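Beneath this line is the structure, given in structure tokens, with notes to follow.
The values are calculated or read from the model by the stated rules, or taken from the named source; none is laboratory data. Note that the coordinates shown come from a computational prediction; the quantities given were computed from them, not determined experimentally. Note that each Cβ is placed from the backbone with ideal geometry, even for glycine, and that neighbours are counted across all protein chains shown.
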Amino acid sequence: MIRTALLSVSDKKGILPFAQALHELGIKLISTGGTAKLLSENNLPVTEVASITKFPEMLDGRVKTLHPSVHGGLLARRDSSEHMAAIKEHGIDTIDMLVINLYPFNQTISQDACSFEDAIENIDIGGPAMLRAAAKNHRDVTVLISSDDYEPILAEMRANNNSVSYKTNLSLAKKVFSHTAQYDGSIANYLSSLGDDLDHQKRSLYPETLHFNFNKVQEMRYGENPHQSAAFYRDTQPVTGALANYKQLQGKELSYNNIADSDAAWECVKSFPNNAENLATCVIVKHANPCGIATGKNALEAYQKAFKTDPSSAFGGIITLNTPCDAIAAEAISKQFVEVLIAPAFTPEAKAIFVSKQNVRLLEIPLGRDFNSFDLKRVGGGLLVQSPDFKNVLQTDLRVVTQRHPTAIEMNDMMFAWRVAKFVKSNAIVYCGNGMTLGIGAGQMSRVDSARMASIKAENSGLSLAGSAVASDAFFPFRDGLDVVVSAGASCVIQPGGSMRDDEIIAAANEHGIAMVFTGTRHFRH
């Protein structure tokens, strides 16, 4: 049974009504510093920690709870006669509930004006020590670090004569140890990112030690293949607009491959903003590669154009929209076999259409332009870490390298093709025209093979490549790849440039009479 609670929070959200409710339940309140002042000002009876420890706060508040009267009250096992006799001998009372959140270290270091001294002063010492003590003794102590837990705990106490179950206490203790591990990891990341001059502004993106924290969302039936196990984890630091923020409206449980492919599709579609003409974009992905991307005046037109690129590959694929899915688009999409359909929103009419297709997974994700802090790739015994590829080349960044300059239409098509190529596995060759993909060659060891494959795909789908724009995610090492795309019908090419044979490639483009631009940016995707 909870009789005494110690409250000491830096984030005061919800603490006053929670403390009031505890008082009404007959719980004795103990507190420190600002929290004690807040409770006292609101006429709640509160006992200062200093009156329990018989020792004042000192060293600018660095020392206030690091005392046997606090830790003894938290750590004493109620089922141990020796423990209870020891604290009785020393005049220590038990503390049955601990409510704490820590100094805002992450918020402090995220500020540009933060100094090294500011960061150090926001490393909490007494808070983590008390949290760990209470969580270790979770059989007897209820410990809370989040205001989200206040109401559920009060409800359980009211229903059980001020008692909280062991199951609840264990769950709260798990949350505490995860939280303190994350807190310590953030401190280690920050300190090991600083040079010898300790300049906050010059810290490295890549600290000497690197700690990540993720919370498990679900375990899966299997991984990439049935003989592999798998689970999905969400970053503890929310990323706006990321796949991990999905809300599943209907359908079967997501699989490992569903999530991997959905992420590839969602990252691609959200890179196409609704422009002045309010164009919608649809991206269809199969096995992590786009098999159709298009823009249209609405979701239906965008979908129909994207589907035309490669109808056979779209079978059983992932479809994403960067605009709400309405009834007209839903009616068309529901006629094909789709694993996952993602949109920022679904109209009630659209949802009703998919009721009869209960296996289709509908995911609703708010649009956002944030990126992960790092891209990660696990290798044997190690980890590759890089910044995400969020660069979008602007038309003003392009350099025309051929005698013929592209027309305005060609320029628009090339910019569209370039944006698509960024999301296609290397070696990537993408034919586009009129705001849609016409042929996509992905993941081939030879760039010329990707060029041939993309043209074959277009032919199989009955799409003409005459006058199309071609994007290559990296430079053409030889003229043969350029010759292939031109012979297929391309009238303009966008590529990074940078090959030792650039002059040869430019001469070939002039020979063919096409326009070619260099971006100066490569988009390898492995």
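For region 98-134, the candidate set comprises residues that are of a type in the set (D, E, K, R) and under 30 Å from R3 (Cβ atoms); within that set, the residue that is surrounded by the fewest Cβ atoms within 10 Å (Cβ to Cβ) is R132. Restricting attention to region 399-424, the residues that are crowded, with 19+ Cβ neighbours inside 10 Å and outside any helix (DSSP H, G or I) total 5.
Does S186 count as in contact (Cβ under 8 Å) with a residue 12 or more places away in the chain, surrounded by 13 or more Cβ atoms within 10 Å (Cβ to Cβ), under 27 Å from A5 (Cβ atoms) and in the same structural domain as D140 (by TED's automatic domain parsing)? So S186 does not fit the description; no. Among the residues making up region 195-236, those that are closer than 24 Å to C268 by Cα and without any contact (Cβ under 8 Å) to a residue 60 or more places away in the chain are F214, V217, G223, E224, A231, F232, Y233, R234, T236.
Pairing each residue of region 4-28 that is in contact (Cβ under 8 Å) with a residue 60 or more places away in the chain and at positive phi with any residue that is among the hydroxyl-bearing types (S, T, Y) and in a helix (DSSP H, G or I), provided the two are 6+ apart or on different chains, yields C-beta distances under 9 Å for G14/S147; G14/Y150.
Listed by position, the helices (runs of 4 or more DSSP H) inside region 91-180 whose residues that are closer than 25 Å to S69 by Cβ and touching a helix residue (DSSP H, G or I) at 6+ places or on another chain (Cβ under 8 Å) number at least 2 are 126-136.
If only residues of region 314-344 that are among the small types (G, A, S) and either at pLDDT 95 or above or under 19 Å from E253 (Cα atoms) (or both) are counted, the one that is surrounded by the fewest Cβ atoms within 10 Å (Cβ to Cβ) is G316.
Of all residues in region 250-272, none are over 30 Å from N225 (Cβ atoms) and surrounded by fewer than 17 Cβ atoms within 10 Å (Cβ to Cβ). Quick one: in region 197-220, of everything that is surrounded by fewer than 10 Cβ atoms within 10 Å (Cβ to Cβ) and of a type outside the set (D, E), which residue is modelled with the highest pLDDT? Filtering first and then ranking leaves K216.
Let's see how each residue does on (1) among the charged types (D, E, K, R); (2) touching a Pro at 6+ places or on another chain (Cβ under 7 Å); (3) free of Cβ contacts under 8 Å to residues at least 12 places away in the same chain:
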residue	(1), (2), (3)
D124	yes, no, no
A135	no, no, no
R139	yes, no, no
N160	no, no, yes
T168	no, no, no
V176	no, no, no
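For first residues located in region 35-47 and in contact (Cβ under 8 Å) with a residue 12 or more places away in the chain, partners that are hydroxyl-bearing (S, T, Y) and lie 6+ apart or on another chain with Cβ distances below 8 Å form the pairs T35/S8; L39/S31; V46/S31; V46/S40; T47/S31. Note on region 281-313: residues that are crowded, with 24+ Cβ neighbours inside 10 Å and in contact with a Lys or Arg (Cβ under 8 Å, 6 or more places away or on another chain) amount to 5. For I284, the stated conditions hold: it is in contact with a strand residue (DSSP E or B) (Cβ under 9 Å, 6 or more places away or on another chain) and outside any loop (DSSP other than H, G, I, E, B).
For region 148-167, filtering for residues that are within 22 Å of K13 (Cα to Cα) and either of a type outside the set (A, V, I, L, M) or in contact with a Leu (Cβ under 9 Å, 6 or more places away or on another chain) (or both) leaves 10. Taking the conditions exactly as written (surrounded by fewer than 19 Cβ atoms within 10 Å (Cβ to Cβ), more than 28 Å from the chain's Cα centre (by Cα) and at pLDDT 85 or above), does A76 satisfy them or not? No; evaluated as a whole, the condition is false for this residue. Go through region 288-321 and give me each residue that's under 13 Å from Q336 (Cβ atoms), in contact with a Ser or Thr (Cβ under 7 Å, 6 or more places away or on another chain) and either in a strand (DSSP E or B) or free of Cβ contacts under 8 Å to residues at least 60 places away in the same chain (or both). Across region 288-321, the qualifying residues are C291, G292, I318. Do we find a residue being touching a residue at least 24 places away in the same chain (Cβ under 8 Å), among the aliphatic types (A, V, I, L, M) and part of a helix (DSSP H, G or I) anywhere in region 428-449? The answer is yes, given that some residue of region 428-449 is touching a residue at least 24 places away in the same chain (Cβ under 8 Å), among the aliphatic types (A, V, I, L, M) and part of a helix (DSSP H, G or I).
Annotation: C291 fulfils all but one of (1) under 18 Å from A442 (Cβ atoms); (2) out of contact with any Gly (no Cβ under 9 Å at 6 or more places or on another chain); the unmet one is (2). Of everything in region 490-505 that's of a type outside the set (K, R) and surrounded by fewer than 19 Cβ atoms within 10 Å (Cβ to Cβ), which residue is nearest to M415 (Cα to Cα)? Only one residue tops the list, namely G498. Only residues that are free of Cβ contacts under 8 Å to residues at least 12 places away in the same chain and either at positive phi or aliphatic (A, V, I, L, M) (or both) were counted in region 141-155, giving 1.
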